[in-house]
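A short write-up of the structure that comes next.
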Amino acid sequence: MRVFRLVRAAYAWPLSGKGAALYGARWNSPGREVVYTACNRSLAMAEVLVHLPLAALPHDYAMLELEVPETVPFAQLVPEYLPRNWNTFPHTSSTQQFGDDFLRKGEQLGLLVPSVVTRGDFNLLLNPAHTEFQQIEQISLEPFPFDERLLWRS
């Protein structure tokens, strides 16, 4: 499975999950290492853009393309089975519990979770503590210039 991660180039590789552990996010509590990826490039960009002030676009981002072996186990969260407020902002601890449980059990390398930013798309959480994490391959790392039109407002 190909997945994508838009990150500051300096932190693109190796994958660690340490950045997500610093503060926590929608699907992990602080202290829990997890690597957030997206199932397509545009979702990877959208997931980053919602956290950036659009007064100025950064120039130090890169798109990381990864290959996650099809043979490794992963699970999927279906939106219909999530709590009613799973997609609110700011996120609640109920969604973090899903990710924390996935990481604690350690049975799967990946967990497909629905995107809040782009409904119908999925992100893949990767567990760096899983025994098969080292099988993930870096396919490419390319500079990612944000399109300046993202700053335009009518």
Scan of the range 80-100 for residues that are of a type outside the set (S, T, N, Q), under 17 Å from the mean Cα position of the chain (by Cα) and assigned to a helix (DSSP H, G or I), ordered by number: PHE98, GLY99, ASP100
Selection count, the range 130-154, where residues are loosely packed, with under 13 Cβ neighbours inside 10 Å, among the hydrophobic types (A, V, I, L, M, F, W, C) and in a loop (DSSP other than H, G, I, E, B): 1
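To keep it simple, each residue is scored yes or no on (1) hydrophobic (A, V, I, L, M, F, W, C); (2) in contact (Cβ under 8 Å) with a residue 12 or more places away in the chain.
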{"position": "PRO53", "(1), (2)": "no, no"}
{"position": "GLN76", "(1), (2)": "no, yes"}
{"position": "LEU82", "(1), (2)": "yes, yes"}
{"position": "VAL117", "(1), (2)": "yes, yes"}
{"position": "ASN123", "(1), (2)": "no, yes"}
Those residues of the range 1-24 which are closer than 18 Å to VAL72 by Cβ, touching a strand residue (DSSP E or B) at 6+ places or on another chain (Cβ under 6 Å) and not in a strand (DSSP E or B), in sequence order: LEU15, GLY17
Residue check for LEU111: in a strand (DSSP E or B), on the phi < 0 side of the Ramachandran plot and touching a Leu at 6+ places or on another chain (Cβ under 8 Å): yes
Residue in the range 59-68 that is small (Gly, Ala, Ser), outside any helix (DSSP H, G or I) and modelled with pLDDT of 95 or more present: yes
Conditions (1) outside any loop (DSSP other than H, G, I, E, B); (2) among the acidic types (Asp, Glu); (3) more than 30 Å from LEU150 (Cα to Cα); (4) in contact with a Leu (Cβ under 9 Å, 6 or more places away or on another chain): number failed by GLU33: (1)
Neighbours by Cβ (under 8 Å, 6+ apart or cross-chain): first from the range 1-29, closer than 17 Å to PHE146 by Cβ; second among the polar types (S, T, N, Q) and not in a loop (DSSP other than H, G, I, E, B): PHE4/THR37; ARG5/THR37
Whichever residue in the range 9-24 is farther than 27 Å from THR88 by Cβ and not hydrophobic (A, V, I, L, M, F, W, C) and, among such residues, is surrounded by the fewest Cβ atoms within 10 Å (Cβ to Cβ): PRO14
Restricting the range 25-69 to residues that are of a type in the set (S, T, N, Q) and crowded, with 20+ Cβ neighbours inside 10 Å, the residue that is farthest from ALA10 (Cα to Cα): ASN28
Residue within the range 58-66 that is without any contact (Cβ under 8 Å) to a residue 40 or more places away in the chain, out of contact with any helix residue (DSSP H, G or I) (no Cβ under 8 Å at 6 or more places or on another chain), at negative phi and not charged (D, E, K, R) present: no
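The values are calculated or read from the model by the stated rules, or taken from the named source; none is laboratory data. Given the structure is predicted, the values throughout are model-derived calculations rather than measurements. Glycine also receives a Cβ, built like all others from the backbone with ideal geometry; neighbour counts cover every protein chain displayed.
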